[in-house]
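Here's the structure, in structure tokens; my notes come after.
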Amino acid sequence: MVEPNDDKPLLEMRQVTRRFGALLALDNVSFSVRKSEIFGIAGPNGSGKSTLFNVITGIPFPPSEGEILLAGKPIHRLPPHQISRAGILRTFQKDAEFATLSARENVYASAVYCGRMTSTEAKEAADQALDDVSLKAERRAKAASDLSVFERKQLMIASAIAGRPKVLLLDEPAAGLTKPEVTGLSDLIFTVHRRGITVVLIEHVLPLLLNVSERLMILNHGAIIASGSPAEVVRNPEVVEAYLGKREARL
Amino acid sequence: MMALHGGKLRSSKVWLIGVLLIAGLLVPIFVQDSYLRHLFIISFVYGIVAASWDLSLGYAGIFNFAHVAFFGVGVYATGLTAKLLGIDPWAAMLIGGVAASAAAAIVALPVVRLQGVYVVLVTFAFSQLVMQLVINQSNLTGGTQGMVRVPTIWLPGYNFLRDYKLGYYYVAFGLLVTTTVCLRWLVRSDFGLSIKALRDNEDYAVSRGIPIALQRLKALVASAFFTGIAGGFYVIYLRVASPEVFDFSTVSLILSMVLVGGTSSIYGPLFAALFLTFISEGLASINNFAEGRFMLVALAMIVVLLFFPKGLASALPAILARNANQKRSRQSGTALADRALMTSSDKENEAEAASHSGVR
């Protein structure tokens, strides 16, 4: 396992706010993710988790206010494809794929355009990434639209890995998966992490989140209500209240 | 097995292309009639326009309705530079391509950031704008009267005007083949992959480092370049230019070629252009049927799109696959007959096994 480097935050958010008219989707959020750590994010529905990934990647919108830095360099004013090329790659909550391209082409495109590789390098990187996510060899020539839900999730993660990420943002990767598939997913996250890739994980499936995260942050109504080690965070009364409501929390 | 099948398909495709190329080269030997040769030449020009439209419309998924206007820009840029500036008509054809690309770059500025119906509106408005410009500048362009006596291409010791269009035929055929090779190369390149990716899922493509505005700009500029050169050749060949090239009827004719042929194939629109040109001209020569042909072409389009929504280009692989399936099922039919001879207890055992595997 790669040792976390505590001194340097790799990804840093400084007072980031995102407004939609009167709605405050992210309210003055500041946190940092260290190099080579697995950083978990949880929170009730509508707490601003996905919005956080949206403003970090600029897809489809940047923050209204605040700064986002990658390895000390501001990235929040870059065009979205440049943010990806700088090393922040994300997956999406909903299925996303290039439906008419083959699985291999899906991953290859990311290696070429995001990883800035030559054609030969990109082919190797694509096969390596597809091996990493264990997508069966005989399925790789299929059009992405012909793959199963789980295979499409594997594909989305493979295409992110092939883009040479420094930080991988996973947005609810376990949604809709069976228990054995979730176990496979946590193995996959550890594999990615061993490669030296920093992982930020949004997840509703708590066993997965608690199993893989080194640090955990909880959002509610667009603001951070707790952060720290997973064990500390789950005992935090505010967190319990946010998840269960006030009355149940008192009980 | 699959690779073998793919290999066979590819080699039969190479054969087909080779045969068509030779056929294309031999046509003028068998076709001496200058009107028929003219139809071939016009169909080649439409083939270039339709196939290059497929790059922006089919592959990049940009609802670009300015493509025929880019053709018109090519027509007038070549016509004006050859006639008024006295530039060599060969070079003027190239200028037609460059001018069309420049027009595409101007259209791209607003279009790369828009989506769907707004792209249609902007590109359509651009077409109207160019047409009005051509009509208004009548002292240069001849306005609605058109521009006449445009100088034509030449070669040392050869007169294009006195050989029953033989020279023009080969120039048009050469342009068509060159365009097709370039377009096929483009769509199979990494660039082609990136524009298909953007068409399939914009946000996802950007998240994988594909620059949306730049790739769309490139797709529009490249597709306009070929259509601009085709426009240049068109005016050099006909030696007249008229604002009719911007008409909606021209747009709908070429659009029907693209759709009937099938988007995202290059070959589909190309062959549809060849067939539709001959059919529509053939019907026009029937007495009192000059207008009825448009109805027939429209009807053909509806019928084709009803049965092959992805165009005729999608029909060939579908038919090949169906034949392969029938062959397979004939083979497995023999296997079925063998299985009918199994004892009933064998069948029960198998049924049990099947139900277990279903649970698993």
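Yes or no: the range A:64-74 includes at least one residue that is outside any helix (DSSP H, G or I), open to solvent by 20 Å² or more (accessible area, probe 1.4 Å) and at the interface with chain B (Cβ under 10 Å from one of its Cβ atoms).
For the range A:64-74, residues outside any helix (DSSP H, G or I), open to solvent by 20 Å² or more (accessible area, probe 1.4 Å) and at the interface with chain B (Cβ under 10 Å from one of its Cβ atoms): absent.
Return yes or no: is A:Ile59 among the β-branched types (Val, Ile, Thr) and crowded, with 24+ Cβ neighbours inside 10 Å?
Details: among the β-branched types (Val, Ile, Thr): yes; crowded, with 24+ Cβ neighbours inside 10 Å: no.
No; evaluated as a whole, the condition is false for this residue.
Sort out which residues of the range B:182-210 are within 10 Å of chain A (Cβ to nearest Cβ) and open to solvent by less than 10 Å² (accessible area, probe 1.4 Å), and write them in order of number.
Listed by number, the residues that qualify are B:Ser194, B:Ala197, B:Leu198, B:Tyr204, B:Ala205, B:Ser207, B:Arg208, B:Gly209, B:Ile210.
List the residue pairs whose Cβ atoms are under 9 Å apart, where the first residue sits in the range A:153-174 and is farther than 12 Å from A:Ala129 by Cβ, the second is modelled with pLDDT under 95 and among the acidic types (Asp, Glu), and the two are 6 or more positions apart or on different chains.
A:Lys153/A:Asp95; A:Lys153/A:Glu181; A:Leu170/A:Glu203; A:Asp171/A:Glu203; A:Glu172/A:Glu203; A:Pro173/A:Glu203; A:Ala174/A:Glu181; A:Ala174/A:Glu203
With open to solvent by 20 Å² or more (accessible area, probe 1.4 Å) and small (Gly, Ala, Ser) as the only criterion, which of A:Gly222, A:Gly196 stands out?
Numbers: A:Gly222 fails: open to solvent by 20 Å² or more (accessible area, probe 1.4 Å).
After ruling out the rest, the residue left standing is A:Gly196.
Please verify whether the range A:127-135 includes one or more residues that are within 13 Å of chain B (Cβ to nearest Cβ) and surrounded by 20 or more Cβ atoms within 10 Å (Cβ to Cβ).
Pass one, the range A:127-135, residues within 13 Å of chain B (Cβ to nearest Cβ): A:129.
Narrowing further to those that are surrounded by 20 or more Cβ atoms within 10 Å (Cβ to Cβ): A:129.
Checked the range A:127-135: at least one residue is within 13 Å of chain B (Cβ to nearest Cβ) and surrounded by 20 or more Cβ atoms within 10 Å (Cβ to Cβ).
Only one of these conditions is not met by B:Thr152: (1) surrounded by fewer than 12 Cβ atoms within 10 Å (Cβ to Cβ); (2) in contact with a Lys or Arg (Cβ under 7 Å, 6 or more places away or on another chain). Which number is it?
(1)
Mind counting the residues in the range A:98-114 that are of a type outside the set (Gly, Ala, Ser), facing chain B (nearest Cβ under 7 Å) and either surrounded by 24 or more Cβ atoms within 10 Å (Cβ to Cβ) or assigned to a loop (DSSP other than H, G, I, E, B) (or both)? Please lay out each step first, then the result.
Of the residues in the range A:98-114, the ones of a type outside the set (Gly, Ala, Ser) are A:98, A:100-101, A:104-108, A:112-114.
When the remaining residues are screened for being facing chain B (nearest Cβ under 7 Å), the result is A:98, A:100-101, A:105, A:112-114.
Add one more test, that the residue is either surrounded by 24 or more Cβ atoms within 10 Å (Cβ to Cβ) or assigned to a loop (DSSP other than H, G, I, E, B) (or both), and what stays is A:98, A:100-101, A:112-114.
The total comes to 6.
Which one of these is of a type outside the set (Lys, Arg) and more than 14 Å from chain B (Cβ to nearest Cβ): A:Phe92, A:Phe53, A:Phe39?
The match here is A:Phe39.
Within the range A:168-176, does at least one residue satisfy the condition of being touching a strand residue (DSSP E or B) at 6+ places or on another chain (Cβ under 6 Å), open to solvent by less than 50 Å² (accessible area, probe 1.4 Å), on the phi > 0 side of the Ramachandran plot and of a type outside the set (Lys, Arg)?
Yes, there is a match, as at least one residue in the range A:168-176 is touching a strand residue (DSSP E or B) at 6+ places or on another chain (Cβ under 6 Å), open to solvent by less than 50 Å² (accessible area, probe 1.4 Å), on the phi > 0 side of the Ramachandran plot and of a type outside the set (Lys, Arg).
What's the number of the condition B:Leu85 fails, among (1) part of a helix (DSSP H, G or I); (2) surrounded by fewer than 16 Cβ atoms within 10 Å (Cβ to Cβ); (3) of a type in the set (A, V, I, L, M, F, W, C)?
Here B:Leu85 meets the rest and fails (1).
Looking at B:Leu255 and the list (1) crowded, with 20+ Cβ neighbours inside 10 Å; (2) more than 14 Å from every other protein chain (Cβ to nearest Cβ), which single condition is not satisfied?
Answer for B:Leu255: the failing condition is (1).
Residue-by-condition table, conditions (1) open to solvent by 50 Å² or more (accessible area, probe 1.4 Å); (2) in the same structural domain as A:Val29 (by TED's automatic domain parsing):
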position: A:Gly46; (1), (2): yes, yes
position: A:Gln82; (1), (2): yes, yes
position: A:Glu124; (1), (2): yes, no
position: A:Ala143; (1), (2): no, no
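Need a quick list: helices (runs of 4 or more DSSP H) entirely within the range B:134-249 having at least 2 residues that are in contact (Cβ under 8 Å) with a residue 60 or more places away in the chain. Outline the logic, then answer.
Working: elements: B:138-141, B:166-188, B:190-200, B:202-207, B:212-238.
In the range B:134-249, the matching helices (runs of 4 or more DSSP H) lie at B:138-141, B:166-188, B:190-200, B:212-238.
How do the pairs read when you match residues in the range B:277-306 that are crowded, with 16+ Cβ neighbours inside 10 Å with residues anywhere that are among the acidic types (Asp, Glu), using Cβ under 9 Å and keeping only pairs 6 or more apart or on different chains?
B:Arg293/B:Glu281
Here is a yes/no grid of residues against (1) in a loop (DSSP other than H, G, I, E, B); (2) acidic (Asp, Glu):
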position: A:Gln154; (1), (2): no, no
position: A:Leu168; (1), (2): no, no
position: A:Pro173; (1), (2): yes, no
position: A:Glu181; (1), (2): no, yes
position: A:Val192; (1), (2): no, no
position: A:His204; (1), (2): yes, no
position: A:Leu208; (1), (2): no, no
position: A:Leu216; (1), (2): no, no
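For residues that are assigned to a helix (DSSP H, G or I) and surrounded by 13 or more Cβ atoms within 10 Å (Cβ to Cβ), scanning just the range B:307-323, find the one that is modelled with the lowest pLDDT.
B:Leu320
May I ask you to say which residue of B:Ser138, B:Ser127 is of a type outside the set (Lys, Arg) and buried (at least 17 other Cβ atoms within 10 Å of the Cβ)?
B:Ser127
The values are calculated or read from the model by the stated rules, or taken from the named source; none is laboratory data. These numbers come from a predicted model, not from an experiment. Glycine gets a Cβ as well: all are built from the backbone with ideal geometry, and neighbour counts include every protein chain shown. What goes into the accessible areas is simple: the full protein's heavy atoms, side chains included, and nothing from ligands, DNA or RNA. Shrake-Rupley method; radii C 1.70, N 1.55, O 1.52, S 1.80 Å.
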